[in-house]
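Following: one structure in structure tokens, then a few remarks.
Nothing in this text is a laboratory measurement; each read-out follows from the coordinates by a stated rule. Predicted, not measured: the structure shown is a model, and the values here were computed from it. Positions of Cβ are generated from backbone atoms using ideal geometry, with glycine treated the same way; all protein chains shown enter the neighbour counts.
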Amino acid sequence: MPESLTVELTELRDTCQAFASTYLVGSDSSAETRAQIRAAAKSAGLFGLTQPTQQDNAPTQLALCVARETLAAANPNNMDSVFGPSAGVLGGVTGALAQSHLEPLLAGDKRASFGFTEPDNVQPTHGQITGEQLIVNGQKSYVTGGADADFINCLVHIEGRGPSMVVIDTNKDGVILEKKFVSLDGSHHAAFRFENVSVPSHHIIGEPGQGLPKAMRQIGDTRLLFAAQASGYMLWTLELLKAHLTSADKSGEARGNKDVVRWHYANLRIKAFAARSMLYRTARLADEGENIVNEAMACKVFATETIGEMVDTAIQLVGGVALVEDHPLAILYRKVRGWRLAEGASDVLRLNIGRGILELDRGRI
Ligand SMILES: Cc1cc2nc3c(=O)[nH]c(=O)nc-3n(C[C@H](O)[C@H](O)[C@H](O)COP(=O)(O)OP(=O)(O)OC[C@H]3O[C@@H](n4cnc5c(N)ncnc54)[C@H](O)[C@@H]3O)c2cc1C
């Protein structure tokens, strides 16, 4: 439940609320503003929340959900400057790879991206170990932040070993930036081709052949955070609608007095209540050490579909002015659409939930 939080979590929520209203307002996204936000986030203890140095000071999933939901509930600008880069699939690596990639990543000196999605009809990205080198060939079609990244954590099928996560530096010979593109929400992505890229074999993260579970763990953690973010935007949208529906129309009557309008608004509130209940229950289960793979998928599907429906309905209730390009609802409409695809398409996640229960007897209700 979002209620009954510990004193620490209530303080974290208050900190996030104050932070959002001080630093995440205004439309300036210049490098200078982002640097100021990062510095303020460090002072407020928010920047390091996603990058604990030791396992025993790792924030709980509940804390991460509270922070992300609370910030999103302010419909913030530059929210991605608040949290430091997390270790992701590099979590737990030691030795040379920790020094060359993990440590600079956490310090903000190197930028990472994630290469999982591939074009249809091409051979999966594959690699061959020859001596101390891994020779990689293949393509990745949707690498967020790829054009500015120093390295890509890539899923590579290594001959004789199986799918593995491999760190590929973007400045290596044979790494070809094929295309840069911007998606509906304004975020930047890139497509890459690898032609006989020679990667030191110590760039294979963990045991060769264990890449898929590693990649899926990163995607799984991110799914719950997507749900938390969607839940925050639901709170913001419902507040906007409440203000709209309690204001008077031309006749002087409150807009929310019409039954059909009230019905739509109530329906959205029911779904937001369900989405938040799922989110907080799942975060608590995760913190108790339970396997939440199926529950995180359920949260992500439900929350991202609900925020999509909510913004769409809110535009309908507010009217044409909400479709003016820079109206907050128009901006949010563009922002949330991708969430039903990123980190797993809703359709595919539904099939996985079905498989979880019917073939593996996993998943709660
Ligand atoms: C904003 C954004 C950021 C992203 N960032 C990254 C990133 O950093 N790294 C990365 O690797 N990827 C990234 N992606 C890609 C994302 O992971 C994929 O878009 C997503 O996994 C869907 O894959 P796809 O686009 O290839 O579509 P497909 O896999 O072709 O799916 C399209 C549709 O086909 C149907 N379908 C597909 N497979 C099945 C199936 N098995 N059974 C039934 N129906 C099916 C479903 O209707 C599905 O919605 C990002 C996407 C977005 C939108």
Checklist outcome for this item: In the chain, taking the dipole from +1 charges on Lys and Arg beta carbons and -1 charges on Asp and Glu beta carbons about the Cα centre, the listed residue (GLY174, THR50, ALA248) farthest towards the positive end is ALA248
Checklist outcome for this item: Expected unfolding gain across GLN36-ASP173 under the 0.36 nm per residue rule, minus the alpha-carbon gap, is 45.7 nm
Checklist entry - Restricting to lysine pairs 8 or more places apart or on different chains, what number in the chain have Cα atoms under 26 Å apart? => result 27
Checklist outcome for this item: Relative contact order in percent for the stretch 245-365 (Cα pairs under 8 Å, 6+ apart) equals 22 percent
Next on the checklist: Under a crude label model (7 Å from the Cα following the beta-carbon direction), how far is THR22 from LEU184 in nanometres?
Outcome noted: 3.6 nm
Item to check | Table column - 3J(HN,Hα) (Hz), the stretch 63-70, Karplus curve with 6.51, -1.76, 1.60, x for Gly and Pro | outcome: 4, 5, 5, 4, 5, 5, 5, 5
Next on the checklist: Please list, ordered by chain and number, the residues whose modelled amide H lies under 5 Å from the amide H of LEU134; skip anything fewer than 5 residues away on the same chain.
Outcome noted: VAL199, SER201
Next on the checklist: Along the Cα→Cβ direction, 7 angstrom out, place labels at ASP14 and VAL324. What is the inter-label distance in nm?
Outcome noted: 3.8 nm
Checklist outcome for this item: Most packed first (mean Cβ within 10 Å per residue), the peptides 61-70, 352-361 order as 61-70, 352-361
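How big is the charge dipole of the chain about its Cα centre, in debye rounded to the nearest 20, if each Lys and Arg gets +1 on its Cβ and each Asp and Glu gets -1 on its Cβ?
Roughly 720 debye for the chain.
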Checklist entry - Using 7 Å Cα-to-Cβ label points, what is the HIS126/ALA96 separation (nm, one decimal)? => result 2.6 nm
Checklist entry - Of MET79, MET297, MET165, which has the largest mean-square fluctuation in a 10 Å C-alpha GNM of the chain? => result MET79
Checklist entry - If you keep only loop residues by DSSP, which GluC sites (Glu not before Pro) in the stretch 227-302 have at most 14 other Cβ atoms within 10 Å of their Cβ? => result GLU253, GLU288, GLU290
